[in-house]
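Structure record follows, encoded as structure tokens.
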Amino acid sequence: MGIARLSWRAMAHRFQLPFKALAALAALALSLPALALAAAPQPPVMQLGDDVKPLAYALDVTVVPDKPGITGRVDIDVDLAKPLSFFWINGSDLEIRQATLTSGRAKFVAKAIRGGKDFIGLQFGKTIPAGPARLSIAYAARFSLNETRGAFKQKERGEWYAYTQFEAVDARRAFPSFDEPRWKTPWTLTMNVRREHVAVTNNPVESEKDIEGGMKQVRFKTTPPLPTYLVAFAAGPFDVVDGGTAGINKTPLRYIVPKGRASQTRYAKETTPKLVELLEEYFGRPYPYAKFDSVAIPITIAFGAMENPGMITYQSGLLTATPERENDRFKQYYTSIGAHEIAHQWFGDLVTMKWWDDVWLNESFATWMARKVVGQYRPEWDVVSFRQRERNEAMGTDRLSSTRQIRQPVRTRDDLGNAFDRITYDKGGAILTMFEQHVGQEKFRDGVRAYLNKHAWGNASAEDFFAAIGQSDPVVAQGFASFVLQPGLPVIDFMIDCSRQAAAVVLRQSRFEPLAPAGKAAQRWTLPVCMRVEGDAGGKPVCTMMREQQERIELAAGASCPAWVLPNPGGVGYYLSRLEPRAAAALPASQFNEQEATTFINDQALLAGSGALPWQQLLASIKPFTADARPAVVGAAAHVVGELNPALFDTGRDQALGGWVREHFGARAAQLGWLAQPGDSDAVKRLRGVVVPLVAEIASDAQLRSQARSLALAWLGGDRGALGAMTRYVLQTAAYDGDAALFDAMSAALAKSDEITVRSEIFEALGHLRDPVQRQRAFELALSPQLDARESSRIFEGASEEAQNAVALLGFMQQHFDALQRRMPEESVARVPRWHTKLCSAQDRKSLLALYGNRRPAPPGFERNLAQTAETVDICLLARAASARH
Ligand SMILES: [Zn+2]
């Protein structure tokens, strides 16, 4: 499945092996006794084992982007734990031209044997003694054109650029190696490139000289210890922008972008040094590497940016922006993704996980750290709302029976295919927030610093991190582990109990799992639970470290029976809160601070979306917040209403909800309008992006819709300045009533623009067309041979957000999935089942499984994505039945 792979034979042909090399290979094969290969050894499943340990790499590669691939030679200093005549290394789709091993004065020639997709066996004619040796391999690798992993190349404005992306297990596509994160070694890279090209890797240039054929040889300084997945290089006719220096060591900063984009790095240049400095301050250690380049890649698949030490790569639209596209949305994206990748330079790069099951250590931490740094850099951006959104997204996945653990064993490629999901990033980030709050910011920071100091330049595992943050209190480590090592979302019931002499609140914890199989064993976490209680002195929360299934918290002596408790102060706890209806009704909206209101609204919505609360009750409970003076609170209420699946409503969502939305949000939407007004605060701008599209959509506001159409047509016609961060909402709203004229304007704008970020917004909007004829045209356009499917498949992503288009999208995939699959990178295909989470009927569920179930071989991660989608549909069915009963 996936794109056709070239066989080794074809590779040799494609690279037109010079005669000399072919002769050498032939001689090599002849020199080996045939008997040695009688029993072909079985390649390992995932890991190489400990027989051969890499100590240092020297990699010399020739990288000419308009050629079909790279050629190179890798010299690896190794240590053999015992005498061996055969061992495995990693290599995928590589052509091995020559492999020798030098041990002492003896030189051993190897025959290379392919071991499945991931391994190369090196068979030696004699037994090599234990101890140090040097393995030297001459090889060739092809550039990927469609995928962005291994070594790949892309064309922008007529010029080719070559890049790499190795996380998780794709370094083996670019060079033979011991491709596991536990092996951290120094690297000495040499690149042979065209004289007019820029060559960049993780470390600064050591020396440069011209060589024959219009080429130059660039040698880079030896790096500190790096695992294979963090090595990176790029070559091409880049623009290089000097970004000055930053931080304690005055690290030089550069922005390396495709030709013509130098002026688009303005915002990155302004922001990056401050992010470096804020992070140095937190970690109490300087930025660990000798230089800091940020490199732009036109298109990326399955990642947005990558934390290669000293050479962070970004999808172009995240790093660069034309002045008209340098809007708030772009700024927030760059700042938060930049902070994430820079945080990795310490957390992930300086200290690296031992194996991929602990990739959460990297990702949870960088997610959490990015929020912290962005909050310090731009307090007005309301990072708390972003954090709440992430928490909520994680909970949406974590309620599933098919959810992963944060630390999920990685035994197969499939496990790895799912390892970079919301649980790893967002749930992990939310757990860090919860325990940081419990431990106290300073103590927590000290734990983080101790962890970095202890494991700097080396590897660590989850246990090391638990120990560091639980330094002063082992229960904290226990609690943290209870979230990392078991799946699922806790729900806590808060029950006021005044039946005994002392007033009390009884807490009961369980797993929130709408489709739990009957008789499933109870689950328990060790977690900090807090609440505010009516009449508490000075608003100080009542807190406990909950360990039992049920606990009774007695209130202060003499306290009267409270009418209400407000759960989860500050919204920092990663659990759903459930109140008895009477106590919920008694809870005055004025008591909630902003985070508490947002958390309460989100929790109620998740309960309703999971069949645990009728939607009418959801609306009643969030109604008081729709008139709130705080924009973030109104925005949270509007957001959850917009997310309600229309299938929950017998008469259709828009009919049932339209009047309610108009009544509660109509006036505000009219007052805000589509366009930013001078003096709007950041909070008001964010509110506009939620409330105006909501009223236009669900209340079918004719005026807002016709304004959206005019604005969209002007934007498509080339007037790109006015909409700013509202562009996507305006285009999507216009698409709801989109006709042939709008479709044609969208196609014409696509034909005219070569700016990927502009094109991507148009593709996404095309997926929101609801008129069956125009929608079909859009779906067919996505498959057009004139378009790059990596870009045009965004049409399906747009459609997947649109419940109204869910059934049509499934129907189209029934006809065309195979054709689409042939044109898409494997990693994108793995995510296709996720396009169908808005389905909500038993028949559609059946069709979904008929279409995607039992596909062999499926790309890594495909099956779990399908299982989670099917379960999401089941939960919608459950919620639908619950609402109908009400
Ligand atoms: Zn990351």
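The Cα center of region 243-271 and the Cα center of region 291-313 differ in position by 13 Å.
Considering region 84-204, its Cα convex hull presents a mean projected area of 9.4 nm². Taking 37 °C and 0.692 mPa s as the conditions, I'd like the Stokes-Einstein D for region 652-737 in µm²/s, using the Kirkwood hydrodynamic radius from alpha carbon pairs. Reported coefficient: 252 µm²/s.
The H on the amide N of ILE120, modeled in the peptide plane, is under 5 Å from the matching H of ILE89, ASN90, GLY91, GLY115, each at least 5 residues off or on a different chain.
Cβ-Cβ distance of ASP788 and ALA557, R₀ of 51 Å, FRET efficiency by 1/(1 + (r/R0)^6): the value works out to about 0.15. Ligands, DNA and RNA are left out, and with a 1.4 angstrom probe the accessible area of region 615-700 is 39 Å² per residue.
Separation of region 631-700 from region 334-393 is 29 Å, based on Cα centroids.
Computed on the Cα trace of the chain, the radius of gyration divided by the Kirkwood hydrodynamic radius gives Rg/Rh = 0.98. Counting Cα-Cα pairs of region 702-796 in 5 Å increments starting at 0 gives whole-percent bin shares of 2, 15, 28, 28, 18, 7, 2, 0. Compared with the alpha-carbon gap, the fully stretched path from MET495 to LEU878 is longer by 135.3 nm at 0.36 nm per residue. Label point 7 Å out from VAL684 along Cα-to-Cβ: which residues of region 691-735 have amide N under 18 Å? Hits in region 691-735 for VAL684 at 18 Å: 691-693, 723-726. For region 73-85, 3J(HN,Hα) computed residue by residue from phi via the Karplus equation (6.51, -1.76, 1.60; θ = phi - 60°) reads 9, 10, 10, 10, 6, 10, 10, 8, 6, 7, x, 9, 10 Hz, glycine and proline entered as x. Dipole size of the chain about its Cα centre, with +1 on Lys/Arg Cβ and -1 on Asp/Glu Cβ: approximately 1980 debye, rounded to the nearest 20.
Proximity of backbone amide H atoms, modeled 1.01 Å from N, is registered between GLY125 and VAL109 at under 5 Å, excluding neighbours fewer than 5 places apart on the same chain. In sequence order, region 300-316 has phi-based couplings of 10, 10, 6, 7, x, 7, 9, 7, 3, x, x, 8, 6, 9, 10, 4, 3 Hz under the Karplus curve 6.51 cos²θ - 1.76 cosθ + 1.60, θ = phi - 60°, and Gly or Pro positions carry x. The figure for GLU159 is an accessible area of roughly 60 square angstrom, using a 1.4 Å probe on the protein chains alone. Shape analysis of region 774-886 yields a ratio of the Cα radius of gyration to the Kirkwood radius, Rg/Rh, of 0.99.
The distance from the alpha carbon centre of region 730-762 to that of region 47-62 is 49 Å, rounded to a whole number. Residues with beta-carbon under 12 Å from that of ALA741, excluding ALA741: net charge, scoring Lys, Arg +1 and Asp, Glu -1? Net of charged neighbours comes to -3. Of all alpha-carbon pairs in region 615-700, indicate the percentage at a distance above 17 angstrom. Above the 17 Å cut-off, region 615-700 has 43 percent of its Cα pairs. Taking the longest Cα principal axis of the chain as reference, the axis of helix 359-377 is set at about 60 degrees.
Of the accessible area of region 615-700, with the probe set at 1.4 angstrom, what percent is carbon plus sulfur?
Within region 615-700, the accessible surface is 55 percent carbon and sulfur.
Each of PRO646, ILE299, ALA232 was placed along the dipole of the chain (beta-carbon charges, centred on the mean Cα), and the one lying farthest toward the positive end is ALA232.
With protein chains left intact and a 1.4 Å probe, residues in region 741-825 average 37 Å² of accessible area per residue.
Taking the C-alpha atoms only, the angle from helix 19-31 to the longest principal axis of the chain is near 80 degrees. Using a probe of 1.4 Å, the accessible surface attributed to ASP603 totals some 10 Å² when neighbouring protein chains are kept in position. For the residue pairs LYS250/LYS372; LYS209/LYS354; LYS216/LYS454; LYS274/LYS685, the C-alpha atoms sit more than 30 angstrom apart in LYS209/LYS354; LYS216/LYS454. Summarising the label geometry, the points placed 7 Å from Cα in the beta-carbon direction at GLU580 and ASP242 lie 7.2 nm from one another.
Here GLN617 and LYS209 are evaluated by their C-beta separation; at R0 = 51 Å the FRET efficiency comes out at 0.10.
Per residue, the average separation of C-alpha pairs within less than 8 Å and at least 6 apart gives region 347-488 a relative contact order of 37 percent.
Over region 8-237, Cα pairs under 8 Å with separation of 6+ residues give a relative contact order of 20 percent. Derived from the Cα gyration tensor, the three semi-axes of the equivalent ellipsoid of region 360-409 are 25, 14, 4 Å, largest first.
Each residue of region 443-458 was assigned a 3J(HN,Hα) from its phi angle through the Karplus expression (A = 6.51, B = -1.76, C = 1.60, θ = phi - 60°), giving 4, 5, 4, 4, x, 4, 5, 4, 4, 5, 5, 5, 10, 3, 6, x Hz with x at Gly and Pro. Rolling a 1.4 Å probe across all protein chains gives TRP183 an accessible area of roughly 30 Å². The residues packed around GLU307, meaning those with a beta-carbon under 11 Å from its beta-carbon, carry a net charge of -4 if Lys and Arg are +1 and Asp and Glu are -1. By the equivalent-ellipsoid construction on the alpha carbon gyration tensor, region 347-488 comes out with semi-axes of 21, 20, 15 Å, ordered largest to smallest. Were the residues from GLU159 through LYS67 laid out at 0.36 nm apart, the gain over their Cα-Cα distance would be 31.9 nm.
Restricting the GluC sites (Glu not before Pro) of region 204-284 to loop positions (DSSP other than H, G, I, E, B) with no more than 14 neighbouring Cβ atoms within 10 Å leaves GLU212. Note on region 702-796: with neighbouring protein chains present and a 1.4 Å probe, carbon and sulfur make up 52 percent of its accessible heavy-atom surface.
Axis of helix 328-344 versus longest Cα principal axis of the chain: the two differ by about 50°, to the nearest ten degrees. Annotation: extensible slack from ALA751 through LEU515 equals 80.3 nm (criterion: 0.36 nm per residue apart, minus Cα-Cα distance).
Within the shell of other residues whose beta carbon sits under 14 angstrom from the beta carbon of PHE480, the net charge comes to -1, with Lys and Arg scored +1 and Asp and Glu -1. Calculated [222 nm] ellipticity per residue, helices only, for the chain: -12500 deg cm²/dmol; basis is -39500 (n - 2.57) per DSSP H run with n ≥ 4, divided by all residues, nearest 500. For the pair GLU380 and LEU713, label points projected 7 Å from Cα toward Cβ lie 3.5 nm apart.
The values are calculated or read from the model by the stated rules, or taken from the named source; none is laboratory data. Keep in mind that what you see is a predicted model, and the values were worked out from it rather than measured. Cβ coordinates were reconstructed from backbone atoms using ideal geometry, including for glycine residues, and neighbour counts include every protein chain displayed. Remember, those area values only see protein heavy atoms, side chains included, never the ligands or the DNA or RNA. Shrake-Rupley method; radii C 1.70, N 1.55, O 1.52, S 1.80 Å.
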